[in-house]
1. Decide, for the stretch 124-201, between rounded, prolate and oblate: order the square roots of the alpha carbon gyration tensor eigenvalues as a ≥ b ≥ c, take rounded if a/c falls under 1.5, and otherwise choose prolate if a/b is larger than b/c, else oblate.
2. Calculated FRET efficiency, Tyr243 and Leu120, Cβ-Cβ r, R0 30 Å, to nearest 0.05?
3. Quick one: length gained pulling Thr183 to Lys219 fully straight, 0.36 nm per residue minus the C-alpha distance?
4. Report Ser169's accessible area, 1.4 Å probe, all protein chains in place, as a number in Å² to the nearest 10.
5. Antiparallel as a % of all DSSP beta bridges within the chain, to the nearest 5?
6. Classify the stretch 133-177: rounded, prolate or oblate, from the alpha-carbon gyration tensor (a ≥ b ≥ c, eigenvalue square roots; a/c under 1.5 rounded; otherwise prolate if a/b is larger than b/c)?
7. Leaving out ligands and nucleic acids, and using a 1.4 Å probe, what accessible area per residue does the chain come to in Å²?
8. Taking K and R as +1 and D and E as -1, what net charge do the other residues with C-beta under 14 Å from the C-beta of Ser145 add up to?
Amino acid sequence: MNNNQYLELSEDGKTLFRCDKETVGEISIPKGVSEIWNGAFSDCTSLTSVEIPSSVTLIGRDAFIGCSSLISVEIPYSVTVIRTMVFQNCTSLKSIMIPDSVTEIKAWSFAGCTSLTTMLIPNSVTMIGNGAFMGCTSLSKVVISSRVTKIERVSFSGCKSLTMVEIPSSVIEIGNSAFNGCTSLTSIKLPINITNIWGNAFLGCTSLTELHLRHRKPKDFSKGFDGLDLSKITLYVPIGSGYDYRHHPFYRKFAKVVIEE
């Protein structure tokens, strides 16, 4: 996998500026490269695989945007940030391993990756940016890092195959339209530390039949569930809180209230 003639490098070999857009198949980035420039592989539509060496510490924004034939990428442990739009619209990308060296996944980084099916976000990650997985229409399962405190706006909007999402207890806020249009999502479990759910967070989650809350005193999360038919959703609440939920002006609209331990 040695197609270095298609790569433009700095004189010292440490920076990869760009790849020829006519490149077909696989590319191996030379050892010693430490930085992949912004947009270096953008719209290389016939590129199927990239081998990134452990010398790389920075992958610039838009680096692989629009690489519609790219099937797999392994990010080395030397990388700590997945930058803005870096893999946006890589429509053939089926899997990607995010190493536990990564602390931030920036905005729109995987947006439009329509072949991505599963995403395990390691516990090293503390921030997932706006729209990071927006429009990942094949994404069916997401496990979010236990160090993330906020699910940003439209993070998973349009993930219509998403049936399961594990929201860790570290999360205190869910942003606007975060799960808007997740039409296959059937059950949501919200941890006790959540204090705010912004407008339309779950708008269009038309298959939702269960909402599990751990708060003993009802918090008004009504704006997050705007537009849903609450009469089709069963609400699960902690022991000793049933009366308060059944008489709350928002939660009494649910199909029924069930007590669970």
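The values are calculated or read from the model by the stated rules, or taken from the named source; none is laboratory data. Not measured: the values here are computed from a predicted model. Note: ideal-geometry Cβ built from the backbone for every residue, glycine included; neighbour counts use all protein chains shown. What goes into the accessible areas is simple: the full protein's heavy atoms, side chains included, and nothing from ligands, DNA or RNA. Shrake-Rupley method; radii C 1.70, N 1.55, O 1.52, S 1.80 Å.
1. Details: a/c = 1.42, a/b = 1.39, b/c = 1.02.
Cα axes put the stretch 124-201 in the rounded bin.
2. Numbers: r = 40 Å, r/R0 = 1.32.
Calculated value: 0.15.
3. Computed gain between Thr183 and Lys219 is 10.5 nm.
4. Near enough 80 Å² of accessible area.
5. Numbers: 3 of 43 bridges.
So the antiparallel bridges in the chain amount to around 5 percent.
6. On the way: a/c = 2.69, a/b = 1.45, b/c = 1.85.
Taking the square roots of the gyration eigenvalues as a ≥ b ≥ c, the stretch 133-177 is oblate.
7. Details: 11410 Å² over 261 residues.
Value returned for the chain: 44 Å² of accessible area per residue.
8. On the way: positive: Arg147, Lys150; negative: Asp100, Glu104, Glu152, Glu166.
That sum, taken over residues with Cβ under 14 Å, equals -2.
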